[in-house]
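**Student:** One structure follows; several queries about it will come next.
The values are calculated or read from the model by the stated rules, or taken from the named source; none is laboratory data. Here the structure is a predicted model, which is why all the values come from computation and not from measurement. Every residue, glycine as well, gets a Cβ built from its backbone with ideal geometry; the counts of neighbours run over all protein chains shown. Each accessible area value is taken on the protein alone, full model and side chains, heavy atoms only, with ligands, DNA and RNA left out. Shrake-Rupley method; radii C 1.70, N 1.55, O 1.52, S 1.80 Å.
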Protein chains: 2
Amino acid sequence: MSLNTQNYKGTRDFYPEEMRLSKWMFGKWREVLESFGYEEYDGPVLESFDLYAAKTSEEIVQEQSFNFEDRGGRRVVMRPEMTPTVSRMVAKKRQELGYPLRMYSIPNCFRYERQQRGRLREFWQLNADIFGVDTVVAEIELLLVVNKLMESFGAPDSAYQIRVNSRVLLNEAIIDSQPQVELASVLRLIDNYDKLSSDEFDAKLATLVDKPEVLKKYLTGESLPEQAQAVIDKIVTAGVQNVVYSPTIARGFDYYTDIVFEVFDTNPENNRAMFGGGRYDGLVGEFGVAPVPTVGFGMGDVTFENFLRSNDLIPVLPSETDIYIVTIGDIAVQAQQVAGRLRDYSLNVTVDLSGKKIDKQIKTAEKKGVNNVLFVGESELESGQFKLKNIQTGEEQTVTLDQIPELPL
Amino acid sequence: MSLNTQNYKGTRDFYPEEMRLSKWMFGKWREVLESFGYEEYDGPVLESFDLYAAKTSEEIVQEQSFNFEDRGGRRVVMRPEMTPTVSRMVAKKRQELGYPLRMYSIPNCFRYERQQRGRLREFWQLNADIFGVDTVVAEIELLLVVNKLMESFGAPDSAYQIRVNSRVLLNEAIIDSQPQVELASVLRLIDNYDKLSSDEFDAKLATLVDKPEVLKKYLTGESLPEQAQAVIDKIVTAGVQNVVYSPTIARGFDYYTDIVFEVFDTNPENNRAMFGGGRYDGLVGEFGVAPVPTVGFGMGDVTFENFLRSNDLIPVLPSETDIYIVTIGDIAVQAQQVAGRLRDYSLNVTVDLSGKKIDKQIKTAEKKGVNNVLFVGESELESGQFKLKNIQTGEEQTVTLDQIPELPL
C-alpha cells in the first residue's frame, strides 16, 4: 500500500514559494525588533506540563495542548505559547542577566484545535518581551515597536488600531459590581465582549455578578477612572500612533497584572483582534526567585499574513537564485566549474544537470522564477564567450564570466 | 510550590549568546546552499506514524521517537528526521515541481535518546536534497556543497575527509558471502565497523553469513570492484576535495539505494563520522507516484558545533545592537525619540529605561556586549550635542545625531 502524501491536519507544508513569504515576513520582524535592541532567543518545543498548569489559560492547557507521558513517566507538552518558557529562562539566570532585558523569538507553537480561519495546530508566533522595567515606559516602547512593525510592512495608519486597557482598573470595576466575585470567569466573558450581542452579554453578565450596571459603566466608557485617562495620555504624548483606551479588552491569559492591549484590524469585514500583549509582573517570580516586572506581546504568522494579504501588502518575492545555467551537451562537470567561478563572486548559481533539451531547461528556469539563463556548451567553454539571456525581458548579451558580476541581474 | 526552572532533559535553552552562535552557523549554511541554487522549505513537526514505519531505521522509529495518539486516535510522531517529510512533499506535487529540484531545510528534529556527547532529544539538522538526477553528477554536486560548507567556516582540508561507498556494490559483496542473507542486519553490523574491534566484528559477522572472508575482502579494500574505482575517479576528476572510497561506510537508514557517504573528523581524538548522506531513489515512489531519483545529506548542529569548537573556528560574535543609550534623569520618553531618529538611519539602538545610576547603565551595556554608549540628558537634548563613548577603547567624542550614521561604530 502506498504512503499518504497528506500532511497532518492543521499543519502546513512550506514549499519554497510559501517559505519565501515566511522568510520575508520573519526577516522584517527580526529587523524591527533588533532595531529596538531586542535579542533573539529560543527554547525547547517540549516543556514540562507543570510549567503551563500554573498560569496559562486552563482551556489552552487542558483542552488545546498536545501533551503526553514520556517513557520515564513525565508529562510533557508541546509548547502552546512561549511566555512560560521565556519566564522560566529568565528565572533560571535571574542574577546573571542585565536589565532592562529585551528578548524576542519566533517559535513554532502547537495547539490541538479544530480548524478555522486563522487557527492552526502548528503556527509561528513573534514573541517580544522587556524584563525589569516597572513603569509605563516599557509598555510605551512595545507599542512603538507595534507602530514600527506595521509601518515596515507599509500598513497605513487607517488599517489598524491599538486598544489599551488596565487589568487593575478592570478588576476594580468587576469587584465593585460584586466583592466576592470569581474574577477569571468574568474576565473570560469580557474577553468575548466583541463576539457576543449586547443582549447575550448582559444576560451572561447578570448570572455572574450582582450589580452588572456598575461594571457596564466601566465597560461602556461611561465612567472611566482618572487613571485610565492619565495612562492613555502618557502613551499618546510619547508618540504612539493609532492608540485608544478600550475598557473591554481583557486578554485570555491569566497571568496579566496591569496594562493589556490588542491590535485590531479596522477593516469592517474583518474587524477583530490580530494580536496583543500586556504586563505580567508575577510570572518570573513563580519560579521561586525575586519577581521581575515584564511587558510582552505575541503575534501569530497566520493572522498577520491574512492582514497583509487583505491589505495587499505582500510584494512579489523573487527567487534567491541569480543565474540558471542551461547545459548544452554532456558537460555537467564543466558547467559546475563555471558555476563555481560565479559563486566566488557571491552569485547564487544553479546548474541544470538534467540533460534535457535546451527549451525544457529554460522552462524549468521559468518555473523556478529565475530570470537569468546562462548557456554553457563546448564552444562557449572554448571561446570563453557565453550567451546570457533575461527570460523576462528577452534581452540577450554575450559576455565573459568576469563581466557577469558587473551586470545588473 | 515554586515552578522548576530546569528545561526538559536533552533539550537546550538558547539565550541570546547561544542564539548568536546558531544564527551565525545557520546563516552560513543558508548562504552556501543558496549559492548552489537550493531553496529553503519547511514541513510540520508532527507527522503520521506510518510515514516513518516504512523506511526510517526501525530502531529510530520504534525506540527513539516521541510518538503518541492524538484525541482522534491517530498515531503521530514528532519528526525524528526530515527525509520522509521532504519525500512526501515532493510526491504530493510530483507533477508541478520543476526538476532538477533542489531543496534545503534546517528543521528541529526529536529523538528519545539517552544523553551522550553530540546526542540530544531536540537538535537542528541541515537537510539538502537534489531530486530528479539519476547520474553521479548529483552526488558530485552535493560533495562540492560539502567542500564549500567546510571552506566557508575556514576548516582546513586536513580537518576532514569524505568517505564514499556504494550500497549496490556493498550489497553484492554481502550476497556473495551468502545468497539468502538478511541484508539489513549485516548492514547494521557494518555501520558499526569503526566502533568494534576487529575480533568483535569478525565474531559477529560469522554469525550472520556463511562466507565472511568473501565480504571481508570487499570491506578491507583487498578486492575493490572496477566500478568502485570508476565512481571515485569521476568524483575526484570533478574537483571534489578530500574524498576517498571507503568500503565500510554503510549508513543507518534503510532507504539508501546506491552511493552513500560520510564526512569524518580527522582529529585522532575525535575520529568519527560527523554527518553523511547518499542516494535514495525509491522513497518518493513509495507514495504511489512515479519514482524520483534523489540524493541528499543531513548534518546536525551539535556535532558540527563540536567540530568547529575543537578546530577553534568560532569567532567572537558581536551584539546586533549598535548603540546603547544611557539616560540621565527622568527622560525615557525623549531618549526613545532620540533612538527613533537613529533607527531611521538603520541603526539598532537600545534605550536603558531602568532609571538606574549612570555607571550601572554602562555596566549593563558592557554585559550585553554593546560597544557604543550615547549619553542623553536634558542638557544634551537642549544643545543637540551628545557624548558618544566606545566602552571597549575608552574613546569619547561629542557629536550631533546626524553625524552618528557617518561614524564607524
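**Student:** Under the convention of a label 7 Å out along Cα→Cβ, give the distances in nm from A:ASP330 to the same position in every other copy, shortest first.
**Tutor:** 8.4
**Student:** Just checking the output field for B:351-360: average partner chain Cβ neighbours within 10 Å of each residue's Cβ?
**Tutor:** Mean partner shielding for this stretch: 4.
**Student:** Over the alpha carbons of the range A:1-145, what is the largest minus smallest coordinate on each principal axis, giving the biggest first in Å?
**Tutor:** The principal-axis extents, from largest down, are 60, 41, 25 Å.
**Student:** Then there is this: Expressed in nm², what is the orientationally averaged projection area of the convex hull enclosing the Cα positions of the range B:138-187?
**Tutor:** So the mean shadow area of the Cα hull is 4.9 nm².
**Student:** Right, something else. How large is ³J(HN,Hα) for each residue in the range A:264-278, as worked out from phi by the Karplus curve 6.51 cos²θ - 1.76 cosθ + 1.60 (θ = phi - 60°), to whole Hz, x for Gly and Pro?
**Tutor:** Residue by residue, the range A:264-278 yields 9, 6, 8, 4, x, 7, 9, 6, 7, 5, 8, 6, x, x, x Hz.
**Student:** For a protection proxy built on the mean count of beta-carbon atoms within 10 angstrom, sort B:295-302, B:8-15, B:31-38 highest first, please.
**Tutor:** The most tightly packed comes first, giving B:31-38, B:295-302, B:8-15.
**Student:** Tell me, what is a quarter of the convex hull surface for the C-alpha atoms of the range A:324-370, in nm² with one decimal?
**Tutor:** Numbers: hull surface 12.1 nm².
Hull-based average projected area comes out at 3.0 nm².
**Student:** Per residue, what volume in Å³ does the convex hull of the Cα atoms of the range B:90-134 enclose?
**Tutor:** Measuring per residue, one finds 107 Å³ for the Cα hull of the range B:90-134.
**Student:** Taking only DSSP H segments of four or more residues, each worth -39500 (n - 2.57), what value at 222 nm results for the protein assembly as shown once the sum is divided by all its residues, to the nearest 500 deg cm²/dmol?
**Tutor:** -10000 deg cm²/dmol
**Student:** Quick check: Cα centre of the range A:95-145 to Cα centre of the range B:124-145, how many Å?
**Tutor:** 38
**Student:** Below 8 Å between Cα atoms, with a sequence gap of 6+, how large is the relative contact order for chain A in percent?
**Tutor:** Here the relative contact order equals 14 percent.
**Student:** Between A:GLU63 and A:GLU382, what is the label-point separation in nm under the 7 Å Cα-to-beta-carbon projection?
**Tutor:** If labels sit at A:GLU382 and A:GLU63, their model points lie 7.7 nm apart.
**Student:** Where the label is 7 Å out from Cα toward Cβ, how close does B:GLU269 come to the same position in every other copy, in nm, shortest first?
**Tutor:** 6.6
**Student:** Shifting gears a bit: Could you compute how fast the range A:205-327 diffuses translationally, taking Rh as the Kirkwood radius over C-alpha pairs and applying Stokes-Einstein at 20 °C with viscosity 1.002 mPa s? Give it in µm² per second.
**Tutor:** Details: Rh = 18.4 Å.
The estimated diffusion coefficient comes to 116 µm²/s.
**Student:** Once the Cα gyration tensor of the range A:116-247 is found, what semi-axes does its equivalent ellipsoid get, as square roots of 5 times the eigenvalues, in whole Å, sorted largest first?
**Tutor:** 29, 20, 15
**Student:** Would you mind calculating the relative contact order of the range B:51-111 from Cα pairs under 8 angstrom and at least 6 residues apart, reporting the percent as a whole number? Write out the running numbers ahead of the final one.
**Tutor:** Values: 42 pairs, mean separation 22.6, N = 61.
Relative contact order of the range B:51-111: 37 percent.
**Student:** Distances from B:ASP210 to the same residue in each other copy, label points 7 Å out along Cα→Cβ, in nm, shortest first?
**Tutor:** When each copy's label point is compared with this one, the spacings are 9.4 nm.
**Student:** Amide H neighbours of A:VAL351 under 5 Å, counting only residues 5+ apart in sequence or on other chains, H built in-plane at 1.01 Å?
**Tutor:** Amide H neighbours of A:VAL351, under 5 Å, 5+ apart: A:ILE325.
**Student:** From the square roots a ≥ b ≥ c of the eigenvalues of the alpha-carbon gyration tensor of the range B:1-79, which class results: rounded (a/c under 1.5), prolate (a/b over b/c), or oblate? Walk me through the numbers before you get to the answer.
**Tutor:** Details: a/c = 2.45, a/b = 1.17, b/c = 2.10.
Oblate is the answer for the range B:1-79, as a/c is 1.5 or above yet b/c matches or exceeds a/b.
**Student:** In addition: If I take all pairs of Cα atoms in chain A, what percentage of them are more than 36 Å from each other?
**Tutor:** Within chain A, distances greater than 36 Å cover 41 percent of Cα pairs.
**Student:** Report the Cα centroid-to-centroid distance between the range B:260-338 and the range B:29-86 in angstrom, as an integer.
**Tutor:** Between the Cα centres of the range B:260-338 and the range B:29-86 lies a distance of 18 Å.
**Student:** A follow-up question, please. On average over all directions, what projected area in square nanometres does the range A:176-230 have, based on the convex hull of its Cα atoms?
**Tutor:** Computed as one quarter of the Cα hull surface, the answer is 4.0 nm².
**Student:** Please compute the net charge surrounding B:PRO291, taking Lys and Arg as +1 and Asp and Glu as -1 over other residues with Cβ under 11 Å from its Cβ. Display every interim value, and only then the final one.
**Tutor:** Values: positive: B:ARG94; negative: B:ASP134, B:ASP281, B:GLU286.
Local net charge: -2.
**Student:** Could I ask something else about it? Which entries in A:LYS93/B:LYS28; A:LYS368/B:LYS92; A:LYS23/A:LYS389; A:LYS23/B:LYS368 show an alpha-carbon gap greater than 21 Å?
**Tutor:** Values: A:LYS93/B:LYS28 29 Å; A:LYS368/B:LYS92 18 Å; A:LYS23/A:LYS389 28 Å; A:LYS23/B:LYS368 27 Å.
In this structure, A:LYS93/B:LYS28; A:LYS23/A:LYS389; A:LYS23/B:LYS368 exceed 21 Å between Cα atoms.
**Student:** Tell me, Kirkwood radius of the range B:298-409 from alpha-carbon pair distances, in Å?
**Tutor:** Kirkwood hydrodynamic radius for the range B:298-409: 15.5 Å.
**Student:** Please average, across the residues of B:12-22, the number of beta carbons from any other chain that are within 10 Å of each residue's own beta carbon, and give a whole number.
**Tutor:** Numbers: counts 3, 10, 7, 12, 10, 2, 2, 6, 3, 0, 2.
Rounded to a whole number, the mean comes out at 5.
**Student:** Rank A:ALA228, A:THR85, A:GLY282 by how far each Cα sits towards the positive end of the charge dipole of chain A (+1 on Lys, Arg Cβ; -1 on Asp, Glu Cβ) and give me just the farthest.
**Tutor:** The residue sitting most towards the positive pole is A:THR85.
**Student:** Separate question: Which of the aspartates and glutamates could a cross-linker span from B:LYS357 if the Cα-Cα distance has to be under 20 Å and same-chain partners fewer than 8 positions apart are dropped?
**Tutor:** A:GLU96, A:ASP134, B:ASP330, B:GLU366, B:GLU378, B:GLU380, B:GLU396
**Student:** So what is the relative contact order of the range A:239-358, in percent, for Cα pairs below 8 Å that sit 6 or more residues apart?
**Tutor:** Here the relative contact order equals 15 percent.
**Student:** For peptide B:335-344, compute the average count of partner chain beta-carbon atoms within 10 Å of each residue's beta-carbon.
**Tutor:** 3
**Student:** Further question: What part of the accessible area of the protein assembly as shown, given as a whole %, is carbon or sulfur when the probe is 1.4 angstrom?
**Tutor:** 45
**Student:** Let me ask another. Largest first and to the nearest Å, give the Cα extent of the protein assembly as shown along each principal axis.
**Tutor:** Its Cα atoms span 91, 59, 51 Å along the three principal axes.
**Student:** Output the antiparallel fraction of DSSP beta bridges having both residues in the protein assembly as shown, as a percent to the nearest 5.
**Tutor:** The answer is about 80 percent antiparallel.
**Student:** Then there's this: Taking the axis about which chain A rotates onto chain B, which residue of A lies nearest it as judged by Cβ position, and how many whole Å separate them?
**Tutor:** Result for the A and B rotation: A:PHE68, 2.
**Student:** Turning to a different aspect of this structure: Multiply the residue separation of B:ALA206 and B:ASN4 by 0.36 nm, subtract the distance between their alpha-carbon atoms, and state the gained length in nm to one decimal.
**Tutor:** On the way: separation 202, 0.36 × 202 = 72.72 nm, distance 5.16 nm.
This chain segment gains 67.6 nm when fully extended.
**Student:** Right, next: Label point 7 Å out from A:PHE26 along Cα-to-Cβ: which residues of the range B:15-36 have amide N under 17 Å?
**Tutor:** Residues passing the 17 Å test: B:15-16, B:19-34.
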